[in-house]
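Structure, as structure tokens:
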Amino acid sequence: MCGIVGYVGEREVVDVLFDGMRRMEYRGYDSAGMALWMEDKLEVIREVGRVAELEKAAHERGLTGHLGIGHTRWATHGGVTVENAHPHSDETGRFVLVHNGIVENYLDLREELEHLGDRFVSETDTEVVVHYLARLYKGDMREALLELQKKLRGSYALVILLRDDPNGFFCVRRGSPLVLGLGDGENFCASDVPPLLPYTRSVVYLDEGDIASVTRQGASVWDETGSPKILDVHQVDWDVSMADKGGYPHFMLKEINEQGAVVRSTLKSRVTEGGVDLSDELLWTEEQVRSWRSLHIVACGTSYYASLVAERALSKWTDLDVRVDIASEYRYRTVRTDEKTLAVFVSQSGETADTIAAQRLARGLGAHCLAITNARGSTLDREVHDTLLLKAGPEIGVAATKTFMGQLTVLYLLALYLGRLRGGISAVEEVRLAEELNQLPYKVEATIAREESVQHLAERYAGCRDFLFLGRGYSFPIALEGALKLKEISYVHAEGYAAGEMKHGPIALLDDKVPVVTVIPRDSLYEKTLSNIQEAKARRSPIVAIGTDGDELLSTYADYVVTVPWTDEAFTPFLSVIPLQLFAYHVAKLRNCDIDKPRNLAKSVTVE
Ligand code: F6R
């Protein structure tokens with residue numbers, strides 16, 4: 001969605017804001033703007049397009065200063081125009097603000113203001129907010145923001161400059177993320193941590209309804225009742241190199257290559273040779289764990305596919321009744337959720353609006369809520385009973401790759417841990433699986449090293465318009481994920497299907513122009529999937545198989561085979577997803593697509 005950054009200090013604000021906006025372009029990028037104090041005036045600049053367009057315009061205007069706010073927009077209300085780009089101002093230009101989120105009741109507020117004589121120049125909810133703020137302000141911004149919050153429905157992170165106050169900026173948030181970064185004689189705010197990393201690792205995650213005043217000297221924060229808060233300062237353990245491309249042409253390729261390290265660091269100190277132990281992080285009592293009857297996993301997109309993989313492992317290793325839901329569905333239908341439910345919410349960003357709403361629903365119904373996220377301090381992390389973090393570092397490419405790997409790792413740790421606590425898994429089996437888990441980082445790295453073969457595969461099929469991805473069992477969600485990766489970054493139509501379902505409809509699509517990519521490890525369903533390959537081959541579809549090392553048979557059926565190292569059936573998704581990520585990457589590259597910033601997509605979907 002939109003990205004916000006604010007700065008006050010000694011540095012050149014234009015440089016800090018552009019650096020931050022570039023690091024946040026993954027959140028949304030159809031237009032951009034900034035406002036800054038230049039000498040004794042507030043200057044505003046906005047452009048349609050990428051941050052680079054704005055940068056050119058800002059240099060031409062000779063903008064310079066030490067206090068300002070910036071915004072990258074992903075349009076929700078109103079088209080992609082300069083008028084709709086942020087920052088927005090009231091009619092007098094006294095208040096200038098940037099916004100991330102959606103104010104749901106903005107039409108009512110706009111009507112109210114129009115009756116009072118206000119005129120609007122944009123179609124946005126944000127312009128309504130700044131007009132309303134101007135009317136509420138009576139000389140004290142904290143008071144005005146407390147009043148404003150009573151009026152607004154929806155989600156917002158707002159950062160505000162006031163013409164009468166050249167000393168700093170103000171913030172308020174509810175439903176959309178905002179982090180303060182604390183430096184020495186300089187301070188920052190941003191929608192996410194990466195823009196802060198070049199300058200500071202001391203951050204304050206603002207809570208729901210918090211208001212902040214930020215100057216060079218420091219930050220003051222008040223809660224939603226207006227009471228002052230003691231700053232809860234966290235030290236982030238990410239460093240700036242993690243948010244750079246590190247010599248790779250794209251973040252996505254860098255992040256695919258980091259996956260061995262992600263599995264390794266996510267396992268670290270959670271798994272030993274004897275098994276999995278999460279008791280340092282999950283302070284669950286035996287009684288509590290035994291009281292759960294069902295386990296709900298709720299997520300969106302790629303996180304949902306990671307959850308579907310884990311559903312199979314959890315059903316195998318625990319006696320819980322496991323179900324997986326898409327968050328936007330879960331929240332609107334009747335779900336039997338109660339105190340006997342462990343509800344797990346999987347979200348790399350921890351800011352996905354539907355996943356957060358689903359969590360609130362489950363929690364309200366009495367479930368014990370656990371987040372699996374990459375974002376410490378995110379809304380999800382702060383609202384659940386417990387969190388298990390992936391140790392993936394910042395993921396900048398819009399298409400999720402290494403966080404998928406991290407999510408799988410954490411979900412498997414959870415499955416093995418619950419299996420142990422509830423007695424669903426024998427000690428011998430646990431040791432065997434833990435050993436295999438510890439081998440995974442090496443096998444992941446060995447799989448990534450086969451990139452060249454996938455690149456040749458991409459060269460052969462990059463011109464095709466439609467693909468079918470098939471898999472069974474653990475490989476079915478991987479087929480879904482492979483298809484999703486291909487469509488989102490290369491804009492090629494791809495369907496993911498359970499291989500056994502092909503006969504029930506999609507087989508009608510097949511001909512010699514529709515390649516069928518089949519995920520077929522040497523597992524218990526191997527022969528069944530092989531039959532599906534034969535069915536597709538009989539319809540003249542080119543067959544691509546993602547198989548296991550040493551499987552000679554596959555090449556007699558498939559036109560192109562990529563193999564991955566052997567692992568236990570339950571762990572095959574960790575490896576078979578990699579050729580599909582690389583395939584999507586290379587097809588997108590051959591088709592000249594904007595790999596890290598695919599059109600219409602944003603990294604975290606903070607609106608419903
Ligand atoms: C796909 C992708 C999305 C996200 C989805 C959920 O590559 O990135 O499908 O997986 O938007 O995002 P999180 O995990 O942040 O809740």
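The values are calculated or read from the model by the stated rules, or taken from the named source; none is laboratory data. Predicted model only: the values in this text are computed from it and were never measured. Counting neighbours? That spans all protein chains shown, and the Cβs are built from the backbone with ideal geometry, glycine included. Calculation scope for accessible area: heavy atoms of the full protein, side chains included, ligands and nucleic acids excluded. Shrake-Rupley method; radii C 1.70, N 1.55, O 1.52, S 1.80 Å.
Applying 1/(1 + (r/R0)^6) with R0 = 60 Å to the Cβ-Cβ distance of Trp566 and Tyr332, what FRET efficiency is obtained, to the nearest 0.05? If you can, show how the numbers build up before the last one.
Working: r = 43 Å, r/R0 = 0.71.
The value I calculate is 0.90.
If ligands, DNA and RNA are left out, what is the accessible area of Trp74 with a 1.4 Å probe, given in Å² to the nearest 10?
Here the residue's solvent-accessible area equals roughly 60 Å².
Considering only protein heavy atoms, what is the solvent-accessible area of Asp30 at a probe of 1.4 Å, reported in Å² to the nearest 10?
Here the residue's solvent-accessible area equals roughly 30 Å².
Probe radius 1.4 Å, ligands and nucleic acids left out: which of Arg173, Arg376 has the largest accessible area, and how do the rest follow? Can you show the working numbers first?
Numbers: Arg173 0, Arg376 115 Å².
Correct descending sequence by accessible area is Arg376, Arg173.
Grab every C-alpha pair in the chain, bin the distances at 20 angstrom width from 0 up to the longest one, and report whole percents.
Taking every Cα pair in the chain, the percentages come to 20, 49, 27, 4.
DSSP loop (so not H, G, I, E, B), at most 13 other Cβ within 10 Å: list which trypsin sites (Lys or Arg not before Pro) in the range 511-555 pass both filters.
Working: sites: Lys513, Arg522, Lys528, Lys537, Arg539, Arg540; in loops: Lys513, Arg522, Arg539, Arg540.
Answer in residue order: Lys513, Arg540.
Binning at 5 Å from 0, report for the range 5-145 what percent of all alpha-carbon pair distances ends up in each bin.
Pair shares across the bins are 2, 11, 19, 22, 20, 15, 8, 3, 0.
Quick one: order Lys597, Lys485, Lys391, Lys56 from most to least accessible surface, probe 1.4 Å. Each step should come with its number before you reach the end.
On the way: Lys597 50, Lys485 0, Lys391 90, Lys56 125 Å².
From most accessible down to least: Lys56, Lys391, Lys597, Lys485.
On a 0 to 90° scale, report how tilted helix 402-421 is relative to the longest principal axis of the chain, with both axes built from alpha carbons and the result rounded to the nearest 10.
Once rounded, one gets 70 degrees.
Would you mind checking the tilt of helix 51-60 against the longest principal axis of the Cα atoms of the chain, expressed as 0 to 90 degrees and rounded to 10?
30 degrees
For the chain, what is the relative contact order in percent, using Cα pairs closer than 8 Å and at least 6 residues apart in sequence? Kindly include the intermediate steps, with their values, before the conclusion.
Details: 1371 pairs, mean separation 71.2, N = 608.
RCO, the chain: 12 percent.
Residue by residue through the range 177-190, what is 3J(HN,Hα) from phi via Karplus (6.51 cos²θ - 1.76 cosθ + 1.60, θ = phi - 60°)? Round to whole Hz and write x for glycine and proline.
Per-residue couplings from phi come out as x, 7, 10, 8, x, 9, x, 9, x, 8, 9, 9, 9, 7 Hz.
Go through the range 485-491 residue by residue and turn each phi into a ³J(HN,Hα) via Karplus (6.51, -1.76, 1.60, θ = phi - 60°); whole Hz please, and just put x for glycine and proline.
Listing the rounded values in order: 4, 5, 5, 6, 9, 10, 6 Hz.
Write out the chymotrypsin sites (Phe, Trp or Tyr not before Pro) in the range 300-372 meeting two conditions: DSSP loop, and at most 12 other Cβ atoms within 10 Å of their Cβ. Before the final figure, lay out each step's value.
Details: sites: Tyr304, Tyr305, Trp317, Tyr330, Tyr332, Phe345; in loops: Tyr332.
Qualifying residues, ordered by number: Tyr332.
Explain nothing, just the number: relative contact order of the range 451-590, from Cα pairs under 8 Å at least 6 residues apart, as a whole percent. Show your work: numbers first, answer last.
Details: 273 pairs, mean separation 43.5, N = 140.
This gives 31 percent for the range 451-590.
On the accessible surface of the range 13-97, probed at 1.4 Å, how many percent belong to carbon and sulfur atoms? Walk me through the numbers on the way to the answer.
Working: 1470 of 3070 Å².
Carbon with sulfur: 48 percent of the solvent-accessible area.
Post the alpha-carbon centroid distance, the range 323-386 to the range 126-156, in whole angstrom.
Going from one Cα centre to the other spans 30 Å.
Taking Cα pairs under 8 Å and at least six residues apart, what relative contact order does the range 3-243 come out at, in percent?
Details: 577 pairs, mean separation 46.7, N = 241.
Averaging sequence separation for qualifying contacts and normalising by length gives 19 percent for the range 3-243.
Report the net charge of residues surrounding Val564, where surrounding means a beta-carbon distance below 11 angstrom and charges are Lys +1, Arg +1, Asp -1, Glu -1. Show your work: numbers first, answer last.
Working: positive: Lys443, Arg450, Arg522; negative: Asp549, Asp551.
Charge balance in the 11 Å sphere: +1.
Please report the net charge: other residues with Cβ closer than 12 Å to the Cβ of Ile102, K and R +1, D and E -1. Please report the intermediate quantities before stating the final value.
Details: positive: Arg153, Arg174; negative: Glu104, Asp125, Glu608.
That sum, taken over residues with Cβ under 12 Å, equals -1.
With the cut-off at 1.5 for a/c, could you classify the range 310-367 from its C-alpha gyration tensor as rounded, prolate or oblate?
On the way: a/c = 1.94, a/b = 1.31, b/c = 1.47.
Since a/c reaches 1.5 but b/c is at least a/b, the shape of the range 310-367 is classed as oblate.
So if R0 is 41 Å, what FRET efficiency would Glu60 and Glu452 give, r being the distance between their Cβ atoms, rounded to the nearest 0.05? Walk me through the intermediate numbers first.
On the way: r = 45 Å, r/R0 = 1.09.
With R0 = 41 Å, the Cβ-Cβ based efficiency is 0.40.
Rank Met242, Met141 by accessible area, highest first, at a 1.4 Å probe radius?
Solvent-accessible surface, decreasing: Met242, Met141.
Rounded to the nearest 10 Å², what accessible area does Glu91 show when all protein chains are kept and the probe is 1.4 Å?
Here the accessible area works out near 110 Å².
Quickly work out the Arg432-to-Arg522 label distance, labels modelled 7 Å from Cα along the C-beta direction, and quote it in nm with one decimal.
1.6 nm
What number, rounded to the nearest 500 deg cm²/dmol, is the helix-based mean residue ellipticity at 222 nm of the chain, given -39500 (n - 2.57) per DSSP H run of at least four residues and division by all its residues? Display every interim value, and only then the final one.
Values: 19 runs with 219 residues, N = 608.
Result for the chain, helices only: -11000 deg cm²/dmol.
Which of rounded, prolate, oblate describes the range 451-590, given a ≥ b ≥ c as roots of the alpha-carbon gyration tensor eigenvalues and a/c under 1.5 marking rounded, otherwise prolate only if a/b is larger than b/c?
Here the range 451-590 falls in the rounded category.
Give me the distance between the Cα centres of the range 467-531 and the range 232-308, rounded to whole Å.
27 Å
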